[in-house]
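The values are calculated or read from the model by the stated rules, or taken from the named source; none is laboratory data. Note that the coordinates shown come from a computational prediction; the quantities given were computed from them, not determined experimentally. Cβ sites come from the backbone with ideal geometry, for glycine too, and all protein chains shown count toward neighbours.
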Amino acid sequence: MLSSGGHVQTDASGHIVYNRSYQSIPKGSYNGEAYTVKRGDTLFYIAWITGSDFRDLAARNNIQAPYSLNVGQVIRIGGNGGSGGGMLASNNIVPAQPSSAQIQTTNVDSTSASAYSDPSGKQNVGRMLPAAGAASAAPAVSASSSSSAPVGTWRWPTDGKIIENFSSAEGGNKGIDIAGSRGQPVLATADGRVVYAGNALRGYGNLIIIKHNDDYLSAYAHNDTMLVREQQEVKAGQKIATMGSTGASSVRLHFEIRYKGKSVNPLQYLPQR
């Protein structure tokens, strides 16, 4: 059985620093029927160690996007630990409420990873990239990382030909796909903070999500090598990864911009080229 929360580190500003390698954390290694949230946990991380789907956990515990948790909160697993997450439980279980003493501790924001799925290389559209915040199978975003500051100039995350365009249709591609060469630089589209860097989300391979302010997120999928860690501040144009084909059928970058949790066409934000 895995115990989380034992490797929490903070930087000079008191922000939690995450550098978890999910290959070293056995999926489904927690077998309990309930899990008590610890500092640094997110819904995505809990889903990983319990072998559940984070959407199942959210529904079972009445947790709404952006899936913020409180230290001490009890998450009902429903006895499905290690099952890989299947159908939603039919019974509605109301999560235990943390005490006031627990609530005052770190608010764990798990806003941000999306429900990427099918490993075919075809983007799993229509799935959810939790709204304005960001997290993942491991990050917690401190309140001080939130910002209402406007995003400055957006820039292209990489060079290359667009091989799949954005579609607002149901089941359509919720971003753009850019072809390129393996190892090609992937750049941050704007200033922000990395809120997810991992490969726990099926079908998107090595995925990075950056929170730019309280409204905007950007996502970069199928990377070969990730060069940043969760909670790291990045600047527009900074190299954050190299292009690859993890979770895809060919070398590409799948790039998304989300505004208040909703997919928007990146071409409406990126400069013409």
Checklist entry - Do any residues in segment 237-253 that are modelled with pLDDT under 95 have Cβ atoms under 6 Å from those of residues that are of a type in the set (Ser, Thr, Tyr), where the two are at least six apart or on different chains, and which pairs are they? => result 247/204
Checklist entry - If you go through segment 207-224 one residue at a time, do you hit one that is at positive phi and either surrounded by fewer than 24 Cβ atoms within 10 Å (Cβ to Cβ) or out of contact with any Gly (no Cβ under 6 Å at 6 or more places or on another chain) (or both)? => result no
Checklist entry - From the set of residues in segment 181-202 that are of a type in the set (Lys, Arg) and surrounded by 14 or more Cβ atoms within 10 Å (Cβ to Cβ), which is nearest to residue 43 (Cα to Cα)? => result 202
Checklist entry - Among 178, 240, which is the only one that is hydrophobic (A, V, I, L, M, F, W, C), buried (at least 17 other Cβ atoms within 10 Å of the Cβ) and under 30 Å from residue 41 (Cα atoms)? => result 240
Item to check | Selected residue (criterion: surrounded by the fewest Cβ atoms within 10 Å (Cβ to Cβ)) from residues of segment 158-175 that are touching a residue at least 24 places away in the same chain (Cβ under 8 Å), of a type in the set (D, E, K, R) and in contact with a strand residue (DSSP E or B) (Cβ under 7 Å, 6 or more places away or on another chain) | outcome: 164
Item to check | In segment 200-221, the residues that are over 12 Å from the mean Cα position of the chain (by Cα) and over 24 Å from residue 26 (Cβ atoms) | outcome: 212, 213, 214, 215, 216
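How many residues, within segment 262-273, are crowded, with 17+ Cβ neighbours inside 10 Å and assigned to a loop (DSSP other than H, G, I, E, B)? If you could, list the steps in order and put the result at the bottom.
If we filter segment 262-273 for residues that are crowded, with 17+ Cβ neighbours inside 10 Å, which is where we start, we get 263-264, 266, 269-270.
Checking the rest, the ones that are also assigned to a loop (DSSP other than H, G, I, E, B) come to 269-270.
So the answer is 2.
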Next on the checklist: Among the residues of segment 191-208, what is the count of those that are in contact (Cβ under 8 Å) with a residue 60 or more places away in the chain and among the β-branched types (Val, Ile, Thr)?
Outcome noted: 1
Checklist entry - How about segment 209-236: which of its residues are touching an Asp or Glu at 6+ places or on another chain (Cβ under 7 Å) and in contact (Cβ under 8 Å) with a residue 60 or more places away in the chain? => result 212, 218, 219, 236
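Only strands (runs of 3 or more DSSP E) wholly contained in segment 175-261 count here; list those with 1 or more residues that are among the polar types (S, T, N, Q) and either out of contact with any Pro (no Cβ under 7 Å at 6 or more places or on another chain) or closer than 21 Å to residue 161 by Cβ (or both).
Details: elements: 176-179, 185-187, 192-198, 206-211, 216-226, 239-243, 252-259.
Where strands (runs of 3 or more DSSP E) fall fully within segment 175-261 and carry at least 1 residues being among the polar types (S, T, N, Q) and either out of contact with any Pro (no Cβ under 7 Å at 6 or more places or on another chain) or closer than 21 Å to residue 161 by Cβ (or both), they are 206-211, 216-226, 239-243.
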Item to check | All positions within segment 224-268 that are β-branched (Val, Ile, Thr) and under 17 Å from residue 203 (Cβ atoms) | outcome: 246, 251
Item to check | Looking only at segment 49-86, and only at residues there that are in contact with a strand residue (DSSP E or B) (Cβ under 8 Å, 6 or more places away or on another chain), of a type in the set (S, T, N, Q) and not in a helix (DSSP H, G or I), the one that is modelled with the lowest pLDDT | outcome: 68
